[in-house]
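Here is the structure we will look at, set down as structure tokens.
The values are calculated or read from the model by the stated rules, or taken from the named source; none is laboratory data. From a predicted model like this one, the values you see are computed outputs, not experimental measurements. Please note: Cβ atoms are built from the backbone with ideal geometry, for glycine as well, and neighbour counts cover all protein chains shown. Please note that ligands, DNA and RNA were not included when accessible areas were found on the heavy atoms of the full protein model with its side chains. Shrake-Rupley method; radii C 1.70, N 1.55, O 1.52, S 1.80 Å.
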Amino acid sequence: MTSVSHPTSLRRAPVQRRSAERLARILDACAGLLDEVGYDDLSTRAVAERAGVPIGSVYRFFGNKRQMADALAQRNLERFTESVTERLSATGDRGWGHATDVVLDTYLDMKRTAPGFSLVDFGNQIPVGARRAEPNHRVAGRLAGLLSGYLGRAADDEDLRRTFLVAVETADALVDLAFRVAPEGDEKVIGELRAMLRAYLARVLD
């Protein structure tokens, strides 16, 4: 089982393994139901039934469905970070261009396959349909930490963080466009995004 970080939306962080497994089942159920019924019709009772836990177990961790969605978004970010790290470790240091492709491809894979991801993403669409700035700042910070070693830069370099924030905001908008054009993401739009990111990052990072 993939480890789950303890987001601030949790009322109580799990201590024992059984409690952590119950939390994971609740988040899995939340993700599946988001795809099936959407955010508006999501209910804590339905999540409890799908997860096979008492409703009290859900309220032990979350006060409402918004907090569940926030926790799912946080788990998405953790899994994204883990997957990027694993892929980069497997391929070795092949430069920032390759690292950028790995980041984008990992995000696209999650967009296409991770339950509930298309609705909550990393939190920038909660409530669903809203556009929030803070999650993209968190993603940019994660990417600066992950990729700074490939660039010979410090992870806390503010210029690097700003560069990644611009790249993340650009990718966020164009990926949204790609998936509005085609259910699995329009490859031509994604190709334009890839070219734009490479051109922008080359100007800043080379």
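Based on the alpha carbon coordinates of the chain, what radius of gyration and maximum Cα-Cα distance (Dmax) apply, in Å?
Looking at the chain, its Cα Rg and Dmax stand at 17.8, 55 Å.
With +1 on each Lys and Arg Cβ and -1 on each Asp and Glu Cβ, and nothing else charged, work out how big the dipole of the chain is about its Cα centre, in Debye to the nearest 20.
On the way: 29 positive and 29 negative charges, 163 e Å.
Value, rounded to 20: 780 debye.
Along the positive direction of the dipole of segment 26-147 (beta-carbon charges: Lys, Arg +1; Asp, Glu -1; about the Cα centre), which of F61, G92, L119 reaches farthest?
Of the candidates, F61 comes out farthest on the positive side.
Hey, what number do you get for the chain at 222 nm if only DSSP H runs of n ≥ 4 count, each worth -39500 (n - 2.57), divided across all residues, to the nearest 500? All intermediate terms of the calculation are to be shown ahead of the outcome.
Working: 9 runs with 146 residues, N = 206.
That comes out to -23500 deg cm²/dmol.
Give me the tail of P(r) for segment 27-115 as a percent: Cα-Cα pairs with distance above 23 Å. Spell out each step's value before the answer.
On the way: 1436 of 3916 pairs.
For segment 27-115, the share of Cα pairs beyond 23 Å comes to 37 percent.
Counting only protein heavy atoms, what percent of the accessible surface of the chain is carbon or sulfur at a 1.4 Å probe? All intermediate terms of the calculation are to be shown ahead of the outcome.
Values: 5100 of 10310 Å².
Of the solvent-accessible surface of the chain, carbon and sulfur hold 49 percent.
When you count, for each residue, the other Cβ atoms within 10 Å and take the mean per peptide, how do 37-48, 109-120 rank with the highest first? Mind dumping the intermediate values first?
Details: 37-48: 15.1, 109-120: 17.8.
Descending packing order for the listed peptides: 109-120, 37-48.
Rank these by accessible area, largest first, 1.4 Å probe: F179, F80.
Details: F179 40, F80 5 Å².
Solvent-accessible surface, decreasing: F179, F80.
Give me the 1.4 Å probe accessible area per residue for the chain, excluding ligands and nucleic acids, in Å².
On the way: 10310 Å² over 206 residues.
On a per-residue basis, the chain sits at 50 Å².
Only four residue types carry charge here, +1 at the Cβ of Lys and Arg and -1 at the Cβ of Asp and Glu. Report the dipole size of segment 140-206 about the Cα centre in Debye, rounded to the nearest 20.
In total the dipole reaches around 120 debye.
Principal axis lengths of segment 78-198 from Cα atoms, whole Å, largest first?
37, 27, 25
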